[in-house]
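The values are calculated or read from the model by the stated rules, or taken from the named source; none is laboratory data. In this text the structure is predicted, and so the values were computed from the model without any measurement. Cβ: placed from backbone, ideal geometry, glycine included. Neighbour counts: every protein chain shown. With ligands, DNA and RNA removed, areas are computed over all heavy atoms of the protein, side chains included. Shrake-Rupley method; radii C 1.70, N 1.55, O 1.52, S 1.80 Å.
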Amino acid sequence: MTDQPEIAPGDMAGLMATYPHVREWVQDFESRYGSRPIYYGPLDRGAKKIEPLNLIYVTKPPIFVHMYRPSDDEDGGGSTLWFGLEPQLSEEEELIRRTLVEILLQEAPSAPSFTTDSEFENILSGMIDRYTVLDVDAPNVRRTGGVWSILGIDDKRIVVSLEQREKIRYIIIRDLIRNGPLETLLSDEMLEDIHTIGLKHVNMDHKVFGMVTSNIRFRERELLGRYLRAMSERIGRPVSDNKPIIDGALLDGSRINIIYSDDVSMLGPSFTIRKFAEETISVIQLIAWGTMSAQQGAYIWICLEYGMSLLVSGETASGKTTTLNAILPFIDHNVKIYSAEDTPEVKVRHKIWQRLVTRDSKNEDSRVEMFDLLKAALRSRPRYIIIGEIRGVEGATAFQAMQTGHPVIATFHASSIVKMIQRFTGDPINVPIRFFDNLNFAIFQEVVEAPGGGIARRITGIDEVIGYNKHSDGVLTRGMFEWDPVKDKHYFRGMFQSHILENKVAAQMGFANKRDVYDEMMRRTEAISRMVDRDLTHYDDVFDLLNIYYNQGWEQFSAAIDRWVGINHE
């Protein structure tokens, strides 16, 4: 769509005047239910307090979302309803779209080549402009058969109004490049988990309003099956009756799980999408949100700078991968990093990054599994090996890597240090318990109820692994940080008790008195707090500031915090 003016919150009249599809929706809703929604603008957690719930918020124009909670005596009473608002085509406009797509396909072989989706979108948009002409520029053309006639025998252009061209442009780009019928869902950063079974309406987990039901569903099983096949092929993991279950990543990094066959999913094909923010979330943003404290950030920074191995652990959807990506800029920017994953989710901005991904194949010789990737990484002697998620036998290989002096960072499913050790030392991973002291520390994270309503993530603890005790045949651990759920506050319990800081890091930092390392931790805590106070939360800003630290030293880094101006987003 062409650029539209920004609409101020509360200006429903301006919103309706600018976006005809919103106007049509609001007018129809008002005639049915007798109430008009308010225009909220960009959504925040303050919307949770609005009663009765009946508001529209912006995601990515021309896409908007209408949130509505019917009263108990209405249909759907008690449920929170999510309506995605996007341009809709009339029958006439659908005919124009089909004709235009046929022309575009015919002309595609002579179109310029492209390497990215944005380049493809620009080429496609240019072709749409080239093969349409506005009705104001062709006033003498008549309608034929319900569609504006094509100009002449040699002129393939279709006559449309400006509004029609923009709607058709949106739909064509949505279907050919973006996410088709799910575009409204995937454009909403407030959605975390998107799930549908068969032909039922799509349900989602919303950051502000909890579980909500959408107005989106597939009306035909064949259409749903065709869409899931096309999506699986686009992400390079084709689904079929022979291979009915696949995991993969969408273009924005969101995870998708597809269950395709009716033999497996009795109520019809289903899919689950776990959304990731388009921009990588920084560690400073996590601190501003309260996920972790500045002191925890400083502790992690020191540990990663000096090569400690770490697991980010927690239950499903607790934000493990988000935290892992956020803390990676703490690693020295001048070292080599290897990542090995089933689904590409790790995001590294370091100059020397080798990204390895497993490969499925019916042919066993062509298959590349996590074990193969880790073996290849070990031969390359990187500073850090990052494993997206440890699920099975690759966990034993990760511990072998730690034993050979390669620090490892990974995510894992366990809610406490005790459960983590139990899972690693049991089937199917089977790491000998005496090897566990190769791991230095673990971060534990949970989904909790946010103080202002909705959901939030919190690091509930950080535990150090001190070592294997052969007398008890167990692992000695010590809690460094605890989270108080009543006060929503993180406490450092490791002052003058940290095995890692005193016995592993202090000597590397050159401290004669090993307890001077706590002063260094406090110095870094203060610097991180200044970054939070100055709202330096953009991932690129955080990375570039830490790049100054690693290449120019502390004084330049500290001074840069106070004079920093954001990069391309202020």
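Miscellaneous remarks
- Averaging Cα coordinates gives a centre for region 414-432 and one for region 239-254; these two points are 28 Å apart.
- For the chain, averaging the sequence separation of C-alpha pairs within contact (under 8 Å, six or more residues apart) and dividing by the residue count gives a relative contact order of 10 percent.
- Cα centroid separation, region 196-232 to region 26-44 (Å): 23
- Taken over the chain, the percentage of Cα pairs per 10 Å bin, counting from 0 up to the bin with the maximum distance, is 3, 14, 23, 24, 18, 11, 5, 1, 0, 0.
- Efficiency of FRET from Cβ geometry, ASP44 and GLU278, R₀ 25 Å, rounded to 0.05: 0.90
- Relative to the globular-protein estimate of 2.2 N^0.38 Å, the Cα radius of gyration of region 475-570 stands at 1.30.
- For region 44-129, diffusion coefficient by Stokes-Einstein and Kirkwood Rh (Cα), 4 °C, 1.567 mPa s, µm²/s: 77
- Eigen-decomposition of the gyration tensor built on the alpha-carbon atoms of region 183-274 gives equivalent ellipsoid semi-axes of 21, 16, 11 angstrom, largest listed first.
- When both bridge partners sit in the chain, DSSP labels roughly 65% of those beta bridges antiparallel.
- List GLU482, GLU345, GLU91, ordered by accessible area with a 1.4 Å probe, largest first: GLU91, GLU482, GLU345
- For region 410-493, dividing the convex hull volume of the Cα atoms by the residue count gives 102 Å³ per residue.
- In nm, spacing of pseudo-spin labels at LYS362 and ARG229 (7 Å Cα→C-beta vector): 1.5
- For the chain, with +1 on Lys and Arg beta carbons and -1 on Asp and Glu, the positive-most of PHE120, ILE386, GLN556 along the dipole: ILE386
- A Cα-only calculation for region 197-239 places Rg and Dmax at 12.9, 34 Å.
- Value of [θ]222 nm, deg cm²/dmol, for the chain, DSSP H segments ≥ 4, -39500 (n - 2.57) each, nearest 500: -10000 deg cm²/dmol
- Of all lysines in the structure, those lying under 16 Å Cα to Cα from LYS347, and not within fewer than 8 positions of it along the same chain, are LYS275, LYS320, LYS336.
- Evaluated over region 417-465, the Cα radius of gyration and Dmax, each in Å: 14.5, 44
- Calculated Rg and Dmax of region 306-369 using C-alpha coordinates, Å: 14.2, 42
- Proportion of all alpha-carbon pairs of region 1-107 beyond 23 Å (%): 38
- Over region 148-301: Rg over Rh, Cα atoms, Kirkwood Rh: 1.10
- Relative pair counts by distance (%), Cα atoms of region 381-521, 5 Å bins: 2, 9, 16, 19, 19, 16, 12, 6, 2, 0
- When chymotrypsin sites (Phe, Trp or Tyr not before Pro) are flagged only if DSSP places them in a loop and at most 13 other Cβ atoms lie within 10 Å, the longest unflagged stretch of the chain comes out as 115-495.
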